[in-house]
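Novice: Got a structure here, written out as C-alpha cells. Questions coming.
All of the numbers you see were taken from the coordinates with simple rules; none came from a lab. Quick caveat, the model's predicted, so the values are computed rather than measured. Virtual Cβ from ideal backbone geometry, glycine too; neighbours counted across all protein chains shown.
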Amino acid sequence: MNKEPFAQPFAQLAEYIDLLLDAVCVVDREHKFIYLSPGAKRVFGYDPEEMIGRSMFDFMHPDNHNDTRAVAELINSGEEVMHFENRYIRKDGSVVDLHWTARWSERDQVRVGVARDISIRKQLERERESLISRLETMALTDSLTKLPNRALFADRATLALARAERDGIGFGILYLDMDKFKQINDHYGHASGDDLLKAAADRFKSILRPTDTVARIGGDEFVVLCDTGTKVLNIKHAVQTVAEKIHLAMQQPLALPRGEEVVSVSIGMAAWPEHGGTVDSLVQHADQAMYRAKHAGGNGLSW
C-alpha cells in the first residue's frame, strides 16, 4: 500500500503540529515510521527524515523491546491504548522517557501514536522514591552499624510470633552484650569504640542465616531473632546452636584500624513459648539471662 497519501495531510498541518511539544508518529504494521511531526526533533533528537523508513525498534531502548512489541500487537488488533510508557535513545545517546497514546487506523492500515517526553517527571519520581527509601532506611536502621534497629527488630519478631502461634514453629531471641567494651571505649576513645561495634556487627552478620535478624538496640547491646523454622519441641537446641556459633566466632580477633582485638560476648537466650508468650517477655527473659552470664564472668551463655 502506498503510504504517501496518508502522510500528506500531516505534512500540510506540519507548521501547526510543530506547536505541539509532543511528537505525532505514524508507523506501519511492520513498525516502520512513515511520518513524524516536526516535534519529533525535540523528543527523539533526530530530524524526522532520519527516522522515516526505519523501524521504531532501531531507536528504542533495548530493555523495552518486548513489552512495546506486545502493546503494539494489541493496538494493531484494534485496541486503543491511552497510557503506555517506554524509553528511547536520543541521537546524542541520552535516554528519554516517553508516554504514549496510540490507536490503529483500519482504513489506512497504520498505527498513529502521540509521544510525550516525561523524562523530568520520571526523574522526579525516581528522586522521590530514592528519598523515601533513604528515610525508611534511616527510620529502621542503626546509623552506626547499619543493622536493623529496635523498631525493625520488633516488627520482625512480631511476625515470627504470629507464624509461631499459627504453625507451631518455635523461635528464639538472644541478648548479646560485649564484655569489657566500656574499658576499651574509655581507654582508646569513642572512635575506637565505634570501630569495635561496627566490626562486631559485621561479624554477627557474616555468621547468621538470612532468616535470622541481628539488631543493635543501644550501646554495646545487640539482639538476635532466631527464626529457625524448628518445631517447638526442638527449639531450645536450635537457639542454643545459634548462640554457640556466635560465641565461638567472637573468640577470633576483630580487625580494627588500631589493630586486632578479641572481644567476647555474654549471651542470654530465650525460646518461645517456654520463656514467654510475647516478644517483650522473651526479650526481658533473654536480657536477664545475659546478666546472669555476665555476672558469672562473661564470655558465656545462659538461659
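Novice: Mind ranking 41-53, 173-185, 120-132, 69-81 by how tightly packed they are, going by the mean number of other C-beta atoms within 10 angstrom, highest first?
Specialist: Descending mean neighbour count gives 173-185, 41-53, 69-81, 120-132.
Novice: Pull out the extension gain between residue 151 and residue 186, defined as 0.36 nm times the separation in residues minus the alpha carbon to alpha carbon distance; nm, one decimal. Intermediate results must be reported in sequence, preceding the final value.
Specialist: Details: separation 35, 0.36 × 35 = 12.60 nm, distance 2.87 nm.
Result for the pair: 9.7 nm of gain on full extension.
Novice: Using the Cβ atoms and a cut-off under 10 Å, what net charge is assigned to the surroundings of residue 45, where Lys and Arg are +1 and Asp and Glu are -1?
Specialist: Numbers: positive: 41, 42, 90, 91; negative: 47, 50, 92.
Once positives and negatives cancel, what remains is +1.
Novice: Further, regarding this structure: Would any residue of segment 69-85 have its amide N under 15 Å from a label point 7 Å out along Cα→Cβ of residue 103? List them or say none.
Specialist: 75-83, by backbone N distance to the label point.
Novice: Of the listed pairs 122/146; 236/294; 146/245, which have alpha-carbon separations greater than 27 Å here? Before the final figure, lay out each step's value.
Specialist: Working: 122/146 29 Å; 236/294 20 Å; 146/245 22 Å.
Long pairs (Cα-Cα over 27 Å): 122/146.
Novice: Now a separate question. Rounded to the nearest 0.05, what FRET efficiency do residue 296 and residue 202 give with R0 = 30 Å and r taken as the Cβ-Cβ distance? Could you check? Please report the intermediate quantities before stating the final value.
Specialist: Numbers: r = 27 Å, r/R0 = 0.92.
Efficiency for this residue pair is about 0.65.
Novice: Okay, next question. Give, rounded to the nearest 20 debye, the magnitude of the charge dipole that the chain has about its Cα centre when Lys and Arg contribute +1 at Cβ and Asp and Glu contribute -1 at Cβ. Could the numbers behind the result be given before it?
Specialist: Values: 37 positive and 45 negative charges, 139 e Å.
Dipole magnitude for the chain comes out near 660 debye.
Novice: May I ask which residue of 232, 140, 174 lies farthest towards the positive end of the charge dipole of segment 140-238, with charges of +1 (Lys, Arg) and -1 (Asp, Glu) on Cβ and the Cα centre as origin?
Specialist: 232
Novice: In deg cm²/dmol, rounded to 500, what helix-only [θ] at 222 nm does the chain give when every DSSP H run of at least 4 residues adds -39500 (n - 2.57) and the total is split over its residues? Walk me through the intermediate numbers first.
Specialist: On the way: 11 runs with 132 residues, N = 303.
Dividing the helical sum by the residues of the chain leaves -13500 deg cm²/dmol.
Novice: Okay, moving on. If the only charges are +1 at each Lys and Arg Cβ and -1 at each Asp and Glu Cβ, what is the size of the charge dipole of segment 172-303 around the Cα centre, to the nearest 20 debye?
Specialist: Numbers: 13 positive and 16 negative charges, 55 e Å.
Computed charge dipole of segment 172-303: roughly 260 debye.
Novice: Any idea what the relative contact order of segment 141-302 is, in percent, if you count C-alpha pairs under 8 Å spaced at least 6 apart?
Specialist: Details: 294 pairs, mean separation 46.6, N = 162.
In percent, rounded to a whole number, it is 29.
Novice: With the crude spin-label approximation of a point 7 Å out along Cα→Cβ, what separation in nm comes out for residue 163 versus residue 132?
Specialist: 2.6
Novice: Right, another one. Taking the Kirkwood radius as the inverse of the mean 1/r across Cα pairs, report the Rg/Rh of the chain. Working shown, then result.
Specialist: Values: Rg = 31.4 Å, Rh = 24.3 Å.
Radius of gyration over Kirkwood radius for the chain works out to 1.30.
Novice: I've got another one for you. Any chance you could tell me what percent of the C-alpha pair distances in segment 55-103 go past 17 Å? Each step should come with its number before you reach the end.
Specialist: Working: 379 of 1176 pairs.
Counting every Cα pair in segment 55-103, those more than 17 Å apart make up 32 percent.
Novice: Charges on Cβ only, +1 for Lys and Arg, -1 for Asp and Glu, centred on the Cα centroid of segment 4-122; of 66, 104, 94, which one is farthest towards the dipole's positive end?
Specialist: Ranked along the dipole, the leading option is 94.
Novice: A further question follows. Would you mind computing, in nm to one decimal, how far apart the modelled labels at residue 54 and residue 69 are, each placed 7 Å from Cα along Cα→Cβ?
Specialist: 1.9
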